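Engineer: Could you have a look at this structure, given as structure tokens, before my questions?
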């Protein structure tokens, strides 16, 4: 980097030739930038969500409403990360839109689902 700071590259753990749009159950982990504890705290071995943590949980539950090919399974919001099981069914790609429909993403890959979730969660938190 121009300012002399080192930028650490993360090693991808994705399988190089796997289609992450395939039906199946996926385990995902998302971490808060710089591992900051933004979503609440653990009290007496139980997670107590704050307002930001409740936004994350609410938006994750909405994922299945927005994307008909997705079922959300177990998930947990932790102080600085999020873990979830996500089941994807086969669906057609390139969904067309009409003004009366709810938002539906044209991409139904795991990456598109995670990007959409992160985007709406960040937007909701920043509002």
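Engineer: Quick one: order 70, 77 by neighbouring beta-carbon count within 10 Å, fewest to most.
Structural biologist: Exposure proxy ranking, most exposed first: 70, 77.
Engineer: Additional query: Per 0.36 nm of contour for each residue apart, how much would the distance between residue 51 and residue 20 grow if the chain were fully extended, relative to their Cα-Cα spacing?
Structural biologist: Taking residue 51 through residue 20 to full extension adds about 8.0 nm, to one decimal.
Engineer: May I pose another question? Expected output is a single nm value to one decimal: the length gained when fully extending between residue 76 and residue 126, i.e. 0.36 nm times separation in residues minus the C-alpha distance. What is it?
Structural biologist: 15.9 nm
Throughout, read-outs are computed from the coordinates displayed, never taken from laboratory work. All values reported here derive from a predicted model rather than from experimental measurement. So basically every Cβ, Gly included, is an ideal-geometry build from the backbone, and we count neighbours across all protein chains shown.
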